[in-house]
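A quick write-up on the structure given underneath.
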Amino acid sequence: MAEAKKENWFKRTWAKVCKYFRELRSELKKVVWPTPQQVLKNTAIVVVCVIAVGVFIWLFDFIAQIGIDALIRVFH
């Protein structure tokens, strides 16, 4: 009984790579891409949120530093 000859590693790997890119292409066709206006709006929202969080952290740090300096002066 003869065994079925197995394809070499390169052919198997190349077939898997080709299959991956075929499936990737078919999935990318299903994507609903945002319009430039949506991208601009979402980018603006992200920038505003980052600035707001940065200001909040800065204020918290500033107030905490004042509090720590006051404690150091009291106990020094």
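A short reminder: the numbers here are calculations on the coordinates, not readings from a lab. Remember, predicted model here, so these are calculated numbers, not experimental data. Neighbour counts run over all protein chains shown; Cβ positions are idealised from the backbone, glycine included.
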Quiz item: Counting Lys and Arg as +1 and Asp and Glu as -1, what is the net charge of the other residues whose Cβ lies under 15 Å from the Cβ of Leu24?
Solution: +4
Exercise. Straight distance only, please: which lysines reach the Cα of Lys19 with their own Cα at less than 26 Å, same-chain residues fewer than 8 apart left out?
Key: Lys5, Lys6, Lys11, Lys29, Lys30
Quiz prompt | In degrees, nearest ten, helix 36-75 long axis to first principal axis of the chain (Cα) | solution = 40 degrees
Quiz item: Which entry is the computed Rg/Rh (Cα atoms, Kirkwood Rh) for this structure: (1) 0.91; (2) 1.54; (3) 1.11?
Solution: (2)
Quiz item: Can you pull out the trypsin sites (Lys or Arg not before Pro) in the stretch 1-68 that DSSP calls coil and that have at most 10 other Cβ atoms within 10 Å?
Solution: Lys5, Lys6, Lys30
Quiz item: To the nearest 0.05, what FRET efficiency results for Lys19 and Val46 with a Förster distance of 25 Å applied to their C-beta separation?
Solution: 0.10
Exercise. For every other residue with a beta carbon closer than 13 angstrom to the beta carbon of Trp14, add +1 if it is Lys or Arg and -1 if Asp or Glu, then tell me the sum.
Key: +4
